[in-house]
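Notes follow once the structure below has been shown.
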Amino acid sequence: MSSNPASRHDPYAVLRIPEFRLYISARLCITLAMQIQAVIVGWQIYDITKDPLSLGLMGLAEAIPSIVVSLYAGYLADMVERKKIIMVVVTALLCCSLALLTFTLHISHALAHFGALPIYGVIFVSGIARGFMGPAVFSFMPQLVANKQLYANAITWSSTTWQAASLVGPAIGGLIYGFFGVTAAYATDATLVLLSLLAFAFIGGKQLPENINPQSMTESLRSGIKFVFGNQVILSAISLDLFAVLFGGAVALLPIFASEILKTGPQGLGFLRAAPAVGSVLMAVLMAHYPISVNAGKKMLWCVAGFGGCIILFGLSANFWFSLLLLALSGAFDSISVIIRSTLIHTLTPEYMKGRVSSVNNIFVGSSNEIGAFESGFAARLMGTVTSVVFGGIMTILVVGITALKADKLRRLHLTPELGTAQV
């Protein structure tokens, strides 16, 4: 065994970088805000409409604009200083949060006159903003971490921060909504977005990586798409995640489970929304100390299958505590998949192309939650809530089986701290 200190794994190495700490602080605040907002908006829309499809439409209203702008957003992230894009986008999200807050005040009669339509409008605008934010934030992070060997560590802590916010955010949203009302909840949401904006502002601007192959916008977008579809490991990893979330996305139906099946109020909904993040945070912290290396591809496939199994059991459960446990386990399985996939993309993608590759990833994965929400709402209306969730879990396991058969390079994938990835 080597006695060289540099060879020892330091789980906190990337946290010693001041700008990375600002970055994850900003991500913490914006993710908290978005999670709080999702709980409030979901409960508010279902309270207005009493229609499960309305929850699916909520996801679709955000996913469509995000997908439409995603490729151009990726191109822009490779052509314009990424911090500038982030500042504009977070400012737009702050305006959206303030608009939702205004709808709850007595001076506004928008909801009384138009029902849930104004909320859908704000979600649509925020979908555009988040479509631009994804590639910019994804490609900005490596610029804060000069040592490529720290990518996996940075991704793990970034994921941990996101999952921690996903853990706390829904609970905060549900509790504030339940005990202090919708206005206080939206005010908290807007304050957190403002704090995120300030944290990003304190990070220094970074010059774009040198583009060794300048191209027109059309050629540039085509090269990004070609890169993803020409790499079996990246393509199979993001495809697996896409279909798993698409079919296994029971989160959109949690207001129905909380209200009608598990018989809890908005407080219970907050805990249900937070449960997947409990498992995700614990797993991400564990992976920061003990990163996956051997048989990473096989472990990823097994974990996505485990995710599907948890969704099936959750759909069949009528016990609140057992449902919480299943959602937590699903989050733990999902965390492994997210960290491995993100490490692959960051390591295998050239710096000057990360915005475009991230945009393709965003189309596959970033919007799959929202499209999955629509699929879940539509399936729930067609089959019934429980049947649709069980069906989604079965389809997730089926997708894993097909991917395992077709993607031989993913099955043989190993991860190493020195090289990021190695295919054996």
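The values are calculated or read from the model by the stated rules, or taken from the named source; none is laboratory data. The model shown is predicted, which means the values in this text are computed figures rather than measured ones. Cβ placement follows ideal geometry from the backbone for every residue including glycine, while neighbour counts extend to all protein chains displayed. Remember, those area values only see protein heavy atoms, side chains included, never the ligands or the DNA or RNA. Shrake-Rupley method; radii C 1.70, N 1.55, O 1.52, S 1.80 Å.
Beyond 25 Å in Cα-Cα separation lie the following of the pairs 148/354; 206/299; 263/299; 299/409: 206/299; 263/299. When peptides 80-90, 301-311 are sorted by average Cβ neighbour count within 10 Å, with the highest value leading, the order is 301-311, 80-90.
Which FRET efficiency value, to the nearest 0.05, do you get for residue 102 and residue 378 by plugging their Cβ-Cβ distance into 1/(1 + (r/R0)^6) with R0 = 30 Å? Efficiency, from the Cβ-Cβ distance: 0.45.
Residues 95, 29, ordered by accessible area of protein heavy atoms at a 1.4 angstrom probe radius and largest first, appear as 95, 29.
Working ranking of peptides 404-413, 34-43 by packing, defined as the average number of other Cβ atoms within 10 Å per residue, highest first, is 34-43, 404-413. Need the full-extension length gain, residue 68 to residue 51, defined as separation in residues times 0.36 nm minus the C-alpha distance. One decimal, nm. Extra length from residue 68 to residue 51 when fully extended: 3.5 nm.
The Cα trace of the chain gives Rg and Dmax of 20.7, 71 Å, the first to one decimal, the second as a whole number.
Dividing the summed helix terms, -39500 (n - 2.57) for each DSSP H run of n ≥ 4, by the number of residues in the chain produces a 222 nm estimate of -25500 deg cm²/dmol to the nearest 500.
Entry note, segment 236-313: relative contact order of 38 percent, from Cα contacts under 8 Å with a spacing of 6+ residues.
Under 5 Å from the amide H of residue 264 lie the amide H atoms of 259, each residue being 5 or more positions distant or on a separate chain, with H modelled from the backbone and absent for Pro and chain starts. For segment 306-333, the residues whose amide N sits under 17 Å from a probe point set 7 Å from the Cα of residue 260 along the beta carbon direction are 315-319. Radius of gyration (Cα atoms) of segment 121-223, expressed as a multiple of 2.2 N^0.38 Å: 1.41. Annotation for residue 207 and residue 316: the two label points, set 7 Å from Cα along the Cα-Cβ direction, are 6.0 nm apart. Which helices pass in the chain if a helix is a full DSSP H run, must span at least 24 angstrom along its long axis by Cα, and must have mean Kyte-Doolittle hydropathy not below 1.0? Membrane-span-like by this rule: 52-79, 82-103, 117-140, 182-201, 266-289, 296-316, 320-348, 385-406. Protein heavy-atom accessible surface, 1.4 Å probe, per residue over the chain: 41 Å². Only Cα pairs under 8 Å and 6+ residues apart enter the sum, and on that basis the relative contact order of segment 251-370 stands at 30 percent. For a paramagnetic label modelled on residue 387 (point 7 Å from Cα along Cα→Cβ), amide N atoms under 20 Å away belong, within segment 227-256, to 247-254, 256.
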